[in-house]
Amino acid sequence: MKKFLVIGNPIDHSLSPKLHNYWIKNNNIKAIYEKKKLEKSQIKDLVLKVKKKEKKRNNITVPFKKTVIPYLDELSVEAKRTESVNTIYLHKEKTVGHNTDIEGFERNINDINFDIKDKRILILGAGGVVSSLIFALEKMKVSRITLSNRTKEKAEDLKKLFRDLSIINWGQIEDSDMIINATSLGLSEEDKIDLDFSQIKKGKLFYDIIYNPPETNFLKKGKDFGNKTENGLKMFIYQAQASFEIWHGIRPKIDNDVIKLLY
Ligand code: ATR
């Protein structure tokens, strides 16, 4: 029986085991996918276990997407550029780190038919997933990416990776075609982002990385101002689908049952 694992800290909220085990069963694969809470000091040991094939492969979730990098033998172009790994696999006895968050986000944007080329993007937050968003947005040829984070140094660290990034202070809002909430504000129903979006004109896209709850106050606000909204569920499903395909060589189906399973 092959073993797969999502690691993180905290990890309780992760829906990856539910989704992967559903696809594993549907495709008659002999495997099991579990979740495990790890401390930073245990990451090196885990990667060694993957190499020794004691543990087959792994998904990484925040806050270890960067921590894991020094212990891997190789990185994909995407993982290297974003300094973010969410999928580990073995290739010719070497541990390889890849990033499928990029593909997840990109496919979600294509899915909703949002014509993103030459658009102005505002990202709120500078956590683990943001480098993947920026990579995908640059690939999709947006015209400008502005980032605002409560802790400005973290925004400036991202600018070291992505030179064209513009940074504004937390609390400032720029008129943009797409506003992305990549902060953790919204994970609790009562969380409110205390920002004034009134200068964002109608007909824009409000995107929240959070998918549980399905409609954060950020998305509600966007809707109230007459904008399109999208939560992070599809991005989550697409990144999982890409990881699944790397590990099992099968592209699992995404249908309404999958969506129902997660809500
Ligand atoms: P990590 O940094 O471990 O990757 P994350 O959950 O991906 O964590 O990111 C949390 C994001 O939400 C950060 O951008 C954080 O801002 P700081 O860098 O200033 O901590 C943001 N965030 C969390 N709580 C917030 C709050 N009350 N107000 C504004 N931003 C908040």
query = Which percent of Cα-Cα pairs in the range 207-263 sits in each 5 Å bin, short to long?
reply = 4, 17, 22, 19, 15, 11, 6, 4, 1
request  = Give the cross-link partners of Lys152 among the lysines, using a straight C-alpha distance below 16 Å as the criterion and excluding same-chain residues fewer than 8 apart.
outcome  = Lys160
query = Hey, got the Cα dimensions of the chain along the principal axes, in Å, largest first?
reply = 55, 40, 33
query = By a straight-distance test (C-alpha under 12 Å), which aspartates and glutamates pair with Lys2 as possible cross-link partners, with residues fewer than eight away in the same chain excluded?
reply = Glu34, Glu54
request  = Determine which aspartates and glutamates satisfy two conditions relative to Lys80: a Cα distance under 17 Å, and not lying fewer than 8 residues away in the same chain.
outcome  = Asp101, Glu103, Glu138, Asp157
task = Report the GluC sites (Glu not before Pro) located in the range 1-72 that are in a DSSP loop and have at most 16 other Cβ atoms inside 10 Å of their Cβ, or state none.
result = Glu39, Glu54
ask   = According to a simple spin-label model (label point 7 Å from Cα along Cα-to-Cβ), what is the distance in nm between Lys25 and Lys44?
value = 4.0 nm
remark   = Taking 0.36 nm per residue of separation between Met1 and Lys201 and subtracting their Cα-Cα distance, the length gained on full extension comes to 66.6 nm
ask   = P(r) tail for the range 88-166, what percent of Cα pairs lie past 16 Å?
value = 55 percent
request  = Could you work out how far helix 233-248 tilts from the main Cα principal axis of the chain, as a 0 to 90 degree angle to the nearest 10?
outcome  = 20 degrees
request  = Please find the FRET efficiency linking Glu174 to Lys52, where r is the Cβ-Cβ separation and R0 is fixed at 35 Å, and quote it to the nearest 0.05.
outcome  = 0.10
key: Label-point separation in nm, Asn9 to Lys260, each point 7 Å along Cα→Cβ   = 3.9 nm
query = So how many Å³ per residue does the convex hull of the Cα atoms of the range 142-199 work out to?
reply = 98 Å³
message = What is the angle, in °, between the Cα long axis of helix 101-111 and the longest principal axis of the Cα atoms in the chain? Nearest 10 is fine, range 0 to 90.
response = 50 degrees
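Rule-based calculations on the coordinates, nothing more; no lab input. The structure displayed is predicted, hence computed values, not measured ones. Because the Cβ atoms are built from the backbone with ideal geometry, glycine has one as well, and the counts that use them run over all protein chains shown.
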